[in-house]
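Values quoted throughout were computed directly from the atomic coordinates according to the rules given, and no laboratory measurement underlies them. Here the structure is a predicted model, which means the values were calculated and not measured. Positions of Cβ are generated from backbone atoms using ideal geometry, with glycine treated the same way; all protein chains shown enter the neighbour counts.
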Amino acid sequence: MKKIKILSVFVLCSLLFPSCEREIMEWEERPEDERVTRAELPLELAEKIERYEPLKTYADYVLGAGIGMDLYMNDEVYRNIVNENFDEVTVGYAMKHGAMVNAQGEINFAPVDAFIAEATDAGLSIYGHTLVWHSNQNASYLNSLIAPTVIPGSSGSNALDISGLQDGSFTGWNKNNPGNGITVVEGEGLGDNSKAIKLVAGSGAANPWDLQLASPQIPVVSGHEYEVSFYIRSDQPGKGRISFSGLSNNYPWLDWYNTGGDWTEAFETTSQWQQVKFVVSDFTGTNFSMFLDLGYLPGVTYYVDVDSFNVVDLDAEAEVVNLIANGDFENGTLDGWNGWGNESTRSVSAEGEGYNSTYAMVLTNPSEAQLWEAQQLYTLNEPLEQGTEYTVSFYVKADVPATIQFQLQNPDYAADYSGGIDVGTTWQQVVRTITPTTADRNKLVFDFGQTPATLYIDDVVLTSGEVAAGSPPIIVEMTDEEKAEVIGDAMEHWITEMVTRYTDDVTAWDVVNEPMKEGGSLRDGNVTDAASDHFYWQKYLGKDYAVTAFKLAREHAEPSDVLFINDYNLEASMAKLDGLIDYVNYIESQGATVDGIGTQMHVGLYTSREDIVEMFQKLAATGKIIKVSELDVRLGTASPTTEQLADQADMYRFIFDSYREYIPAAQRYGITIWGVSDHEKEHEFWLPDESPNLWDANYERKHAYKGVADGLAGRDVSEDFTGELEY
């Protein structure tokens, strides 16, 4: 008897086949002694299968395999079986947006570069999978591009009377040298429908006082520091300053941007909102007033957000009892705080890096994990009262957009949770209420393991009363048009960089993957249960997102490259197939070209053969190049019987025969088998406890290997074998 090779392969399936949304068949576990192995196949059949040549020997079109890139690179035996049997490879995950794009939007090409060099040296071609899809995206980065801008509120109650600005009467305010006008206008401030002071410099403006707005008198407490802040923008580059009455130095040179340097008399303005913020304390009496001087340059129109115009007594006594003794970290330590998890670190910031204070707590999470896998906690002196509503507030920012949460926890780790909190890269105040459900909650815990990021947290308050007065943060949402522009730019960058980078190595691409719903309508991205790696480009770019994608891919690809649209369950839903074909026609009506249509074909033994034939007939009628892109045949069990293995081989043979019969030769791109073997490691996440592939769990050829080879050849190849079979 011939010796049979046993191929030892370990497959990381979470990276191999995170492909589609589809139901997995029922399966049953068979006792170990009832499982069918290659050795239990009829001897003559086993001998025949062993004598077949490598699969690609029988193909007259492209025969591909869906593989794991890391496995291919690191396991020589696995790499050899792929190289020997296939013409083309599709990596299941590693060439997708989620795998290659980091939190800053940078694309890491190095792993794919190395893989392509290895695979092309072995004579394999590379299929690009995939450019635009809703799953396996770096959704955190993409969502950060269109996240609302969070403008931190003031540090406390406003000592400046802005009521005359809010009602437009300017009561208490004086318009000195009003230039071409000082008014209050609706809808020009930071938030939705918010107000702004509009100040227009005259044509002869040359001095700061040539356009001036004077504030009411502001009462002060001697010895206290007061923070002055506001947001300002202008229709063209502008320049302004703040001068005073009632200070020892009424014309101070100040560090307007609170950077610790670059002291200047005046600040510059642009069309983008920016904050002016500084502290004064050299009062000569019990009150002072200030002057907004914007007359440096002629013809400039300025807008100052009304609600952001604040003067805050930084030394005012807090109105609440904070149960966190070291919540402001002003002593330069983390006394009372400790934490662990995910190799995270915690420290106190450098002096001056806190929010309106000297220090902040710094938490660094080095890698992506579960939220709770990196924690920082404070243990309270006494447990909180069950059923009492508590307020938790703190200021936070991160070096990249991140997600955190907090919890009230008991000694046995049971907890009440805040829910996810999105953190931006500028200081924002978080205020949440939470009610302990038991009487033993005695720890405040920050969970920060989800995002690789460095977080700064300051002014942590846990109280059963209200948080000390202060203005809430202002949230500025992008318009739909702005979101479309930003996301369109991100898609253009991704497609352009990928296709340009690999134009010499990748000759076919899944440009748009899985655009259709099951009923045949187009996905719109309006979902309530999106996974963490889901991002729907079409939600922001509309129906023409695919038009743009195909135009971009064609612009940067070689003329001979084949550009596909791809979807699943086309053999199970004629409505979905018809919808996809209609969408292809729409894309082309808008000036783009779709070269080919991919049908994934994750099927089972009981998939309707009549529907498979109808699908191939409809696809052929489009005139497009047709590819079976992710073929596997499920059995519903990891312990198939001999009969099931034969039925599986017959289904594979039927699909290959039907492809040859109904797809004209000129329209055949090829067929890709999705996966190599039935080893459990290869099906940890994709079709777990299944047996859909051509090699069994011991990496021996299954009956299905013969079915595919015969389908490729268009005949029973074993009928040509000569000589007595060895047993």
Greater than 23 Å separation of Cα atoms is the criterion. Which listed pairs, Lys96/Lys551; Lys539/Lys618; Lys56/Lys517; Lys624/Lys702; Lys56/Lys551; Lys56/Lys706, meet it? Lys539/Lys618; Lys56/Lys517; Lys624/Lys702; Lys56/Lys551
For segment 277-287, take each phi angle, set θ = phi - 60°, evaluate the Karplus expression 6.51 cos²θ - 1.76 cosθ + 1.60, and give the result in whole Hz per residue in order, putting x for glycine and proline. 8, 7, 10, 10, 8, 8, 7, 9, x, 9, 7
For every other residue with a beta carbon closer than 14 angstrom to the beta carbon of Asn326, add +1 if it is Lys or Arg and -1 if Asp or Glu, then tell me the sum. -4
Once the mean of 1/r over all distinct C-alpha pairs in the chain is inverted, the Kirkwood radius in Å reads 30.2
Going by alpha carbons, how many degrees (0 to 90, nearest 10) lie between the helix axis of 574-589 and the longest principal axis of the chain? 60
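Assigning unit charges at the beta carbon (Lys, Arg +1; Asp, Glu -1) and nothing else, what dipole magnitude in debye, to the nearest 20, does the chain show about its Cα centre?
Details: 46 positive and 115 negative charges, 283 e Å.
Rounded to the nearest 20 debye, it is 1360 debye.
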I want to check the label-to-label distance for Lys175 and Glu684. Put each point 7 Å from Cα in the C-beta direction and report it in nm to one decimal. 7.0
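Just to be sure I follow: if Rg is taken over the C-alpha atoms of segment 152-313 and Rh is the Kirkwood radius over the same atoms, what is Rg/Rh?
Rounded to two decimals, Rg/Rh equals 0.93.
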Residue span Thr435 to Trp253: 0.36 nm per residue of separation minus Cα-Cα distance leaves a gain in nm of 60.7 nm
Phi-derived 3J(HN,Hα) across segment 134-142 with the Karplus relation (6.51, -1.76, 1.60, θ = phi - 60°), rounded Hz, x for Gly and Pro, is 8, 9, 6, 10, 7, 5, 4, 5, 5
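Neighbour counts of other C-beta atoms within 10 Å: give me Thr722, Thr642 arranged from fewest to most. Could the numbers behind the result be given before it?
Details: Thr722 4, Thr642 13.
Fewest to most other Cβ atoms nearby, the residues stand as Thr722, Thr642.
Neighbour counts of other C-beta atoms within 10 Å: give me Thr599, Thr364 arranged from fewest to most. Present the calculation step by step, with values, prior to reporting the outcome.
Working: Thr599 24, Thr364 16.
So the residues, fewest neighbours to most, are Thr364, Thr599.
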log10 of Debye I(q)/I(0), alpha-carbon scatterers only, for segment 337-474 at 0.12, 0.16 Å⁻¹: -0.45, -0.82
Phi-derived 3J(HN,Hα) across segment 214-222 with the Karplus relation (6.51, -1.76, 1.60, θ = phi - 60°), rounded Hz, x for Gly and Pro, is 9, 7, x, 5, 10, x, 9, 9, 4
Can you give me the angle between helix 545-556 and the longest principal axis of the chain, using Cα atoms only, in degrees from 0 to 90, rounded to the nearest 10? 70
Sequence-distant residues sharing a close amide H with Leu160 (under 5 Å, placed H): Val311
Simple spin-label estimate for Leu380 and Ala621 in nanometres, 7 Å along Cα-Cβ: 6.9
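Provide the net charge surrounding Asp192, with neighbours chosen by a C-beta distance below 13 Å and charges set as Lys +1, Arg +1, Asp -1, Glu -1. Could the numbers behind the result be given before it?
On the way: positive: Lys195; negative: Glu186, Glu188, Asp305, Asp307, Glu477.
Net charge in that neighbourhood comes out at -4.
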State the antiparallel share, in %, of DSSP beta bridges confined to the chain, rounding to the nearest 5. 70
If I fit a long axis through the Cα atoms of helix 480-501 and take the longest principal axis of the Cα atoms of the chain, what angle between them do I get, 0 to 90°, rounded to 10? 50
15 Å beta-carbon shell around Leu297, net charge (K/R +1, D/E -1): -2
